[in-house]
Amino acid sequence: ITKVVWDNYAMISMQSAAELKVKQGDLLEITTSDSSKLTLPVLIQPGLHDFVVAVPMGYGRTSAGKVGNHVGQNANALAQTVDRQMVMTGLSVK
């Protein structure tokens, strides 16, 4: 559970943040094998599994109205459907 509202982020563990040499609020570039990419702020989450990047979905809308238009980024660009489930695999971060 976070206090982040109205935006998405790249949630990573404390160890992953140390290995990537990033701190809270730094930008992390997430790229798929087909070169789709998003640049999101880092949210360090104690207790999150190492080597996991959790990205909230549901942002980056273009027709949500005055308050919701163009808030955040559309993380669906990073996802694939595998066995009728949306997953994000084969990503690289820097």
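The values are calculated or read from the model by the stated rules, or taken from the named source; none is laboratory data. All values reported here derive from a predicted model rather than from experimental measurement. We place every Cβ from the backbone using ideal geometry, glycine too, and count neighbours over all the protein chains shown. These area figures cover heavy atoms from the full protein model, side chains too; ligands, DNA and RNA do not enter into them. Shrake-Rupley method; radii C 1.70, N 1.55, O 1.52, S 1.80 Å.
Highest average first, the peptides 12-18, 76-82 ordered by how many other beta carbon atoms sit within 10 Å of their residues are 12-18, 76-82. Subtracting the Cα-Cα distance of residue 4 and residue 86 from their residue separation scaled by 0.36 nm leaves 27.2 nm. Average 1/r across all pairs of distinct alpha carbons in region 17-70, invert it, and you get the Kirkwood radius: 13.3 Å.
Ellipticity at 222 nm from helices only: DSSP H runs of n ≥ 4 in the chain, each -39500 (n - 2.57), divided by the residue count, give -2000 deg cm²/dmol.
In sequence order, region 83-93 has phi-based couplings of 6, 6, 10, 7, 9, 10, 10, x, 8, 10, 10 Hz under the Karplus curve 6.51 cos²θ - 1.76 cosθ + 1.60, θ = phi - 60°, and Gly or Pro positions carry x.
Annotation: residue 26 carries an accessible surface of approximately 50 Å², with a 1.4 Å probe and no ligand, DNA or RNA atoms counted.
Note on surface exposure: 28, 48 rank 48, 28 by accessible area, highest first, 1.4 Å probe. For region 43-93, would you read off the P(r) tail past 12 Å as a percentage of all alpha carbon pairs? Of all Cα-Cα distances in region 43-93, 71 percent exceed 12 Å.
Pairs of Cα atoms nearer than 8 Å and 6+ residues apart set the relative contact order; for the chain it is 32 percent. Lys-Lys pairs in the chain that are eight or more residues apart or on separate chains and whose Cα atoms lie under 18 Å of each other come to 4. Evaluated on the chain, the Kirkwood hydrodynamic radius is 14.0 Å, with distances taken between all distinct Cα atoms.
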